[in-house]
Amino acid sequence: MLRLAFVSLLSSLPVVAQACDTALILTIDVSNSIDPAEYRLQTDGLADALRDPEIVDTMVVGENYLAVVQWSGVDRQTVSIPWTQMRTALDVEAFAQKARLMERAFVLSDTAPAEAIYFSLELFDEVTGCDRRVIDVSGDGTPNGGSDVRAARNAAERAGVTINGIAIESMGLAITNFFRGAVITRDGFVMTARTHREYPQTIRAKILREISRIFG
C-alpha cells in the first residue's frame, strides 16, 4: 500500500527538465473560420516543419520540450499532444507523426485567444528547469468571444513567458496588427502567412527562430 502511494505521488509531480533550452507550446486555432482543408494544412505543415533537419538538430541539442494545444471558444481548449522532451531525432520524428495524425478537437466554435493563453500558461507548471518558456499562437481571426487578450498577454509577461504569433492573412495586415498589438509579449514576435497555404513554410521559420539559442 505504501509503495502504491509513493508511485502515485511521483506521477503527480512536475517533470523536471534537464538541460532544456526551451519549453514550447504550439497552439492551433480550430475555430469556426478554419475549414477541414485549412486544419489539415496546419497539422501537415507542423509535422513537415518538425522533420526539417535543421529543426531536428536544434531540438535535440537543446533537449527542448514540446506540447500541442488546440483551441477555439471560451471553454474549448485541449492538450492534443502532451509535453515531450526531444532527446533524439526519433523523439522529434515520433512527435511529428502524432501532429500529422492529430484529430481536430473542436468544430463550429468561437475564437477566444485569451482563454487559449490562460490555458497554456497553466501547462508550464508541469515542466520546470527550461531556460525559456514560449507559447506559439497561430490564428486567422480576431476574437469574437472570451476575455481581454491584452490582460492574458500581460499575465504571460508577469510569469516570464514569451508569446509569439503566426497571423494567417487573406488580405491586408489586420490579423498581424492585432497580434502585434494585443497577443505577443514585448520579447515576442509575429510572422505573417499569406493564406493557409503559406502556413507550412512560415511555421518552419517560426519554430526555428523560437528554439534558436539567440532570438532574431
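Laboratory data are not the source of any read-out in this text; all were calculated from the coordinates shown. All of these numbers come straight from a predicted model, not from anything done at the bench. Every residue, glycine as well, gets a Cβ built from its backbone with ideal geometry; the counts of neighbours run over all protein chains shown.
Things to note:
- Residue list for segment 44-72, given a label point 7 angstrom along the Cα-to-Cβ vector of residue 90 and an amide N cut-off under 18 Å: 51, 56-57, 59-61, 63-64
- For residue 163, net neighbour charge (Lys/Arg +1, Asp/Glu -1) across residues whose Cβ lies under 13 Å away: +4
- Each DSSP beta bridge with both residues in segment 72-216 is either parallel or antiparallel, and the antiparallel ones are about 0%.
- MRE, 222 nm, helices only [DSSP H, n ≥ 4, -39500 (n - 2.57), over the chain, to nearest 500]: -12500 deg cm²/dmol
- Angle in degrees between helix 199-211 and the longest Cα principal axis of the chain, rounded to the nearest 10: 40 degrees
- When the chain is described by a simple charge dipole with +1 on each Lys and Arg Cβ and -1 on each Asp and Glu Cβ, the residue from 183, 170, 95 located farthest towards its positive end is 183.
- Folded to 0 to 90 degrees: helix 113-123 orientation relative to the chain principal axis, Cα: 10 degrees
- Length-normalised contact order of the chain in % [C-alpha pairs under 8 Å, at least 6 apart]: 25 percent
- Cα-centre dipole for the chain with unit charges at Cβ (Lys and Arg positive, Asp and Glu negative), debye to 20: 200 debye
- Take the Cβ atoms of residue 209 and residue 147, set R0 to 30 Å, and the FRET efficiency comes out at 0.60.
- Nearest-ten-degree value, helix 36-50 long axis tilted from longest Cα axis of the chain: 50 degrees
- Net +/- balance of residues flanking residue 38 in space, Cβ distance below 10 Å, scoring K and R +1, D and E -1: -1
- Cα lying deepest toward the dipole's positive end in segment 73-143, options 85, 118, 128, charges on Cβ: 85
- Computed over segment 24-69, the quotient of the alpha carbon radius of gyration and 2.2 N^0.38 Å is 1.33.
- Shape of segment 171-216, Cα gyration tensor, a/c cut at 1.5: oblate
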